[in-house]
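Some notes on the structure that comes next.
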Amino acid sequence: MNASWISVKNAKGEQFDAYLSLPPLGRGPGLVLIQEIFGVNEHIRAVADQYAADGYCVLAPDVFWRDAPRVELGYDPTGFERGMALLGKLNIERAALDLKGVVTTLRSHAGCTGTVGSLGFCMGGLLSYIAAAESGVDTAVCYYGGGIHNQLDRTKKINCPVLFHFADQDAYIPGTAVDAIKAAMAGRSNARIIVHPGVDHGFNCWRRPAWNQVTAARARGQSLVHLSETLR
């Protein structure tokens, strides 16, 4: 893949890094890929390359740049503890401004055909939802976004299509949280919520014990259909 780290500016002119992966033919719809708490690590870069191979111009921003620039964590207890500590310092409003800068950068990049979506996992799933409300994306995909149920006042700002993936055995996101999201999205033609049976949080990540090949493949197919129908 044609991939590299580039510098991005947010709305305040502050600079941070993002991993850019270009599609085989050099141009395609834009996709902001948003990390888990483990940073833009080897797994997230591989996912970025995966979507780039599908024809998207992918940009994965370093969400934790203020406290731990370019941090890469593993999925062991040490990595989880560090990631949760960094998540505890994350300011949602500042992250939304960062994502707005990422969207602006991607939309004007020579490799982007103009439309831009977001897709994120766990913390990134929450931030993909935030991007749909605050950062100007044209579509969004949210994988098991923890904390979305605490941000439902932003739903009224979402006008773009949104696809939500949840796991029915999620140890971190209770069913009551998913029910609250369903209630908030009820009657909205631009929202689809899929609850995958028999899997746990993190089912998409092949580096985690919760990885489920069948569900990950199915969810990826559903995500690609959503993106293909909403990014043109």
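Considering region 43-62, the residues that are closer than 18 Å to Arg207 by Cβ and of a type in the set (A, V, I, L, M, F, W, C) include one that is surrounded by the most Cβ atoms within 10 Å (Cβ to Cβ), namely Ala60. Here Leu163 passes the criteria (1) at pLDDT 95 or above; (2) out of contact with any strand residue (DSSP E or B) (no Cβ under 6 Å at 6 or more places or on another chain); (3) of a type outside the set (Val, Ile, Thr) except the one numbered (2).
This table checks each residue for (1) assigned to a loop (DSSP other than H, G, I, E, B); (2) touching a His at 6+ places or on another chain (Cβ under 9 Å); (3) acidic (Asp, Glu); (4) within 22 Å of Tyr51 (Cβ to Cβ).
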site: Thr155; (1), (2), (3), (4): no, no, no, no
site: Val178; (1), (2), (3), (4): no, yes, no, no
site: Arg188; (1), (2), (3), (4): yes, no, no, no
site: Arg192; (1), (2), (3), (4): no, yes, no, yes
site: Asp200; (1), (2), (3), (4): yes, no, yes, no
site: Asn204; (1), (2), (3), (4): yes, yes, no, yes
site: Val214; (1), (2), (3), (4): no, no, no, yes
site: Ala217; (1), (2), (3), (4): no, no, no, yes
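Residues that are in contact (Cβ under 8 Å) with a residue 60 or more places away in the chain and among the small types (Gly, Ala, Ser) were ranked within region 191-232; the one that is farthest from Leu163 (Cα to Cα) is Gly202.
Determine, yes or no, whether Gly124 is crowded, with 24+ Cβ neighbours inside 10 Å, in contact (Cβ under 8 Å) with a residue 60 or more places away in the chain and in contact with a helix residue (DSSP H, G or I) (Cβ under 7 Å, 6 or more places away or on another chain). No.
Name the strands (runs of 3 or more DSSP E) wholly within region 12-62 that hold at least 3 residues that are at negative phi and more than 16 Å from the chain's Cα centre (by Cα)?
Details: elements: 15-22, 28-34, 57-61.
Where strands (runs of 3 or more DSSP E) fall fully within region 12-62 and carry at least 3 residues being at negative phi and more than 16 Å from the chain's Cα centre (by Cα), they are 15-22.
Taking (1) closer than 18 Å to Leu127 by Cα; (2) modelled with pLDDT under 95; (3) charged (D, E, K, R) in turn, Glu36 satisfies each apart from (2).
Output the residues belonging to region 197-221 that are on the phi > 0 side of the Ramachandran plot and within 18 Å of the chain's Cα centre (by Cα).
Gly202
For region 211-226, taking the residues that are among the polar types (S, T, N, Q) and within 12 Å of His196 (Cα to Cα), the one that is surrounded by the fewest Cβ atoms within 10 Å (Cβ to Cβ) is identified as Gln222.
Right, Arg94: modelled with pLDDT of 95 or more, more than 17 Å from the chain's Cα centre (by Cα), on the phi < 0 side of the Ramachandran plot and in a helix (DSSP H, G or I) or not? Full working, then the answer.
On the way: modelled with pLDDT of 95 or more: yes; more than 17 Å from the chain's Cα centre (by Cα): no; on the phi < 0 side of the Ramachandran plot: yes; in a helix (DSSP H, G or I): yes.
When the stated conditions are applied, Arg94 does not pass them.
Taken over region 24-42, the criterion of being more than 19 Å from Phe80 (Cβ to Cβ), in contact with a strand residue (DSSP E or B) (Cβ under 9 Å, 6 or more places away or on another chain) and surrounded by fewer than 23 Cβ atoms within 10 Å (Cβ to Cβ) is satisfied by Pro24, Gly26, Arg27, Gly28.
Figure legend. Inter-residue proximity from region 171-189: first residues free of Cβ contacts under 8 Å to residues at least 40 places away in the same chain and surrounded by 13 or more Cβ atoms within 10 Å (Cβ to Cβ), second residues part of a helix (DSSP H, G or I) and of a type outside the set (Asp, Glu), beta-carbon distance below 6 Å, spacing 6+ or different chains. Indicated pairs: Ala177/His149; Ala180/His149; Ile181/Ile148; Ile181/His149; Ala184/Leu152; Ala184/Thr155.
The values are calculated or read from the model by the stated rules, or taken from the named source; none is laboratory data. Just so you know, these numbers come straight off a predicted model, no measurement behind them. With ideal geometry, Cβ positions are generated from the backbone for all residues, glycine too; neighbour counts draw on all protein chains shown.
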